[in-house]
Structure formats: C-alpha cells, structure tokens
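Only one structure is covered here, and it is reproduced in the block below.
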Amino acid sequence: MPCWRARVVVRSALCAASLLWWSPLGAQQLIERVVARVNGIPITLSDVNAAVALGLVDGPSGGDPVPAATAQLVDRQLMLAEVARFAPPDPDSAAIDAEVGRRKARIGARWNEVTAATGLDEERLREIAREVLLIQLYLDDRFGLAQQVGDAEVERRSEEHTSELQSRLH
C-alpha cells in the first residue's frame, strides 16, 4: 500500500474514533442526582423529595429542605443497617397496610404529582412502610417503651418510699 493511502486510512480511522468518542458526551443527560452514599447505598434527590412528601423526614419551615432531609435520610439508612444486624421479624401485613394508608393520607391529592416527580410506586411505598415499622420495632425492643406515669402513681410510690426511708432511720 502506498504511503499516502496509509495516511488517509489512519486519518479516517482517527476521525471516526474521535466522532465515536465525543458523540456520547454531547448526548449525556443528568438522570438523577446522588446527594449522599451510606455504606455504598446511594441516596438520590428523588429519595429526598419522596421522604419529605411522605413525612419520613422533617424539613425546615422555610428555605431548602434538601440538606436537613438528606442528613435525616443518612441517619435513617444507618438505622436500617443496624436493624438488619438484629433481623427482627417482619411486621404483619395489616400493620404495613395501615402505615401505607397514613403515608398516602399525608400526600393526599398530590399522589400522582409526587409519584411522577419521584418515581415512587406502590411497591416502594410498601417497602418504605415496612422499613418505618422495622425501625420502630427495633427501637422499642432495644430501648424499651417509654411509660407515662400519672400523678396518682407518683404520689403512691413516693409515700411507699418515704415510709420505707423513715422506717430505716428509726
């Protein structure tokens, strides 16, 4: 092959390669924004928006809810990792249904808008409800239920211990 033909072939190959290399870059589109990663699990902006809409996290009353909601979702993901270590039994279906109902009621008429904006569907909502219940079960099991004591109970126990302490003094 003559030298000029080799140069044409090489130049043509280089042009074709550069076109193939640069053309996908121009067609790139941002699909989702990852705002955090916890143990390799991404938390996306859609996750944050869905969590705010569902009431899983508390956003500030004014301003951008993303930073505060992201921090709370990171904490939630860490709790789920801790829950997974102890593997509590799955909540029953009725409890999950009730939790799904509470979350849907919070969204109300905006259900279609929220699902379109965040990609949330029934299956994911059930999984979120299951996770909420698992975290509650874990916290109740690990740290016990807080019990409210009435004034009458406080007074009764105070009298018992006062009498006991007085008898020890005499």
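The values are calculated or read from the model by the stated rules, or taken from the named source; none is laboratory data. Model, not experiment: these values are computed from the prediction. Note that we place each Cβ from the backbone using ideal geometry, even for glycine, and neighbour counts take in every protein chain shown. Remember, those area values only see protein heavy atoms, side chains included, never the ligands or the DNA or RNA. Shrake-Rupley method; radii C 1.70, N 1.55, O 1.52, S 1.80 Å.
Points to keep in mind about this one:
- Meets criteria (modelled with pLDDT of 85 or more and surrounded by 11 or more Cβ atoms within 10 Å (Cβ to Cβ)) for R85: no
- Applying the condition of being within 15 Å of R130 (Cα to Cα) and touching a helix residue (DSSP H, G or I) at 6+ places or on another chain (Cβ under 8 Å) to segment 56-81 and asking which residue is modelled with the lowest pLDDT yields L56.
- Given (1) closer than 20 Å to L45 by Cα; (2) touching a helix residue (DSSP H, G or I) at 6+ places or on another chain (Cβ under 9 Å); (3) acidic (D, E), index of the condition E123 fails: (2)
- Of the residues making up segment 71-92, those that are within 24 Å of A53 (Cβ to Cβ) and of a type outside the set (A, V, I, L, M, F, W, C) are Q72, D75, R76, Q77, P91.
- The helices (runs of 4 or more DSSP H) found wholly in segment 92-151 and carrying at least 1 residues that are under 18 Å from L80 (Cβ atoms) and not hydroxyl-bearing (S, T, Y) occupy 93-107, 122-143.
- For T118, the criteria (1) open to solvent by 70 Å² or more (accessible area, probe 1.4 Å); (2) under 20 Å from A51 (Cβ atoms) hold in every case but one, which is (1).
Here's the yes/no breakdown for (1) of a type in the set (K, R); (2) within 16 Å of the chain's Cα centre (by Cα); (3) surrounded by 12 or more Cβ atoms within 10 Å (Cβ to Cβ):
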position	(1), (2), (3)
R124	yes, yes, yes
L134	no, yes, yes
L137	no, no, yes
D140	no, no, yes
L165	no, no, no
